[in-house]
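Student: First the structure, then my questions, so here it is.
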Amino acid sequence: MKTNIEVPEIGESISSGILAAWLKDDGAQVDEGEEIFELETDKATLGVPSPAAGVLHRSASEGDEVEVGQVVGQVDADGAQGEGGGGKAGPAGEEASPVKEASPGGGEGDREKGEPADAETTDAQDGAVALSPAVRRVVAEHGIDPRQIDGSGPGGRITKEDAEKAARSGGAAAKDGTASAAADAKPAAGPAPLAEPSMPTNERQRRVPLSTLRRRIAENLVHSRQSSAHVTTFNEVDMSAIIELRGRYKETFNEQHGVRLGFMSFFVKASQIALDSFPEVNAYIDGTDVLYNDYVNIGVALSSEKGLLTPVIKDVEIRDFADIERRIVDFSTRAGAKRLKPDEMVGATFTISNGGIF
């Protein structure tokens, strides 16, 4: 029995996303609930679990834009890897043609591989290496020759980790003998005279596509500047009383609530009290009307490897310090693990940007 893998509903305002990475190889055995791919939206990156246990057959590629409800693969509960030594079933249940493995002498060997040719295998005719979108981005960004990278994936496939390792080592992950042969080709030379670069400027530039998340952040910042009246004001606040209060109670607070007492809960509650006192600041203009919010939802800016994320603590007026601190820790932990939900990123009536760590 085959079960379709569909792009899940990820929030009322989200209709599509980018299939950022497959976490399991095509033909791999997966368990029900095991995360099999990462979906990147303009709000967050989240892992999508397998709907069933069985053999994974992928029908979408990394980097594809996918719609909510779109089928990106199947899980075959009756499938088995390497069955009979022949080809494995494709996404539509058809058997793929087996691929002959090249023998050491350069001809085709008698043994057949059990996996179909795909976008990540080597073309035996011209020696070119076809790569996944994630690997292509890494090698293009760092100027690496993929033919000099030893692949650790199935059938010698180059994974994203292989490419990143080669980039970090400056080519140390290249195939054995390449670096030494290059070193033997020319004798060591003395310091070269300084000279102006001879290549055109555009040949000394690297173009790296923005992720969906960073692109949407940039669009929203520009839209905010164009559509809203901006004003900046600076006020210094005497924090000595809060610092003294926190120092006096932080150990007791931690023992009683199981979470440390930070400064952010003070900032969040202070903002909520101010917004209660000045409801116009907690409102926004909608056409010819002013919409007043009779609740306070505060977004807390967090820095992650994917970019700036702003999860929202909702209904702050009914939450105490311990609840706020627990939510901030939970947001930070799940942001690092790419587990924030899109619905947790919307609905803020006020935002706090925490620049303290910088």
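The values are calculated or read from the model by the stated rules, or taken from the named source; none is laboratory data. None of the values given here were measured: they were computed from a predicted structure. All Cβ positions, glycine included, derive from the backbone under ideal geometry; neighbour counts span all protein chains shown. Just the protein is used for accessible areas: all its heavy atoms, side chains included, with ligands, DNA and RNA removed. Shrake-Rupley method; radii C 1.70, N 1.55, O 1.52, S 1.80 Å.
Student: Please compute the modelled spin-label separation between Ser16 and Arg326, points set 7 Å along Cα→Cβ, answer in nm with one decimal.
Tutor: 4.0
Student: Sticking with this one: Per residue, what accessible area does the range 235-339 have, given a 1.4 Å probe and all protein chains present, in Å²?
Tutor: Ligands and nucleic acids excluded, the figure is 61 Å² per residue.
Student: Report ³J(HN,Hα) in whole Hz for each residue of the range 156-168, in order, from the Karplus equation J = 6.51 cos²θ - 1.76 cosθ + 1.60 where θ = phi - 60°; Gly and Pro get x.
Tutor: x, 4, 7, 8, 4, 5, 4, 5, 5, 5, 5, 5, 5
Student: Okay, next question. If each of Thr232 and Tyr292 carries a label point 7 Å out from its Cα toward its Cβ, how far apart are those two points in nm?
Tutor: With each label placed 7 Å out from Cα toward Cβ, I get 3.2 nm.
Student: Just to confirm, what accessible area per residue do you get for the range 4-50 at 1.4 Å probe, in whole Å²?
Tutor: Solvent-accessible surface per residue comes out at 40 Å².
Student: Would you pull out the residues with amide H under 5 Å of Ile5's amide H, same chain only if 5 or more places away, H placed 1.01 Å from N?
Tutor: Amide H to amide H, under 5 Å and 5 or more residues apart or across chains, Ile5 pairs with Val72, Gly73, Gln74, Val75.
Student: Over 5 Å intervals from 0, what percent of Cα-Cα pairs in the range 225-358 sits in each interval?
Tutor: 2, 9, 16, 20, 20, 16, 11, 4, 2, 1, 0
Student: Subtracting the Cα-Cα distance from 0.36 nm times the residue separation, let me have the gained length for Arg215 to Glu65 in nm, one decimal.
Tutor: So the extension gain works out to 52.6 nm.
Student: Follow-up question, since we're still on this one. Give the carbon-plus-sulfur fraction of the accessible surface of the range 198-294 in %, rounded to a whole number; probe 1.4 Å, heavy atoms of protein chains only.
Tutor: Its accessible area is 52 percent carbon and sulfur atoms.
Student: Something else now. For the range 1-70, compute Rh as the Kirkwood radius over C-alpha pairs and then the Stokes-Einstein diffusion coefficient at 20 °C and 1.002 mPa s; write the answer in µm²/s, rounded to an integer.
Tutor: 175
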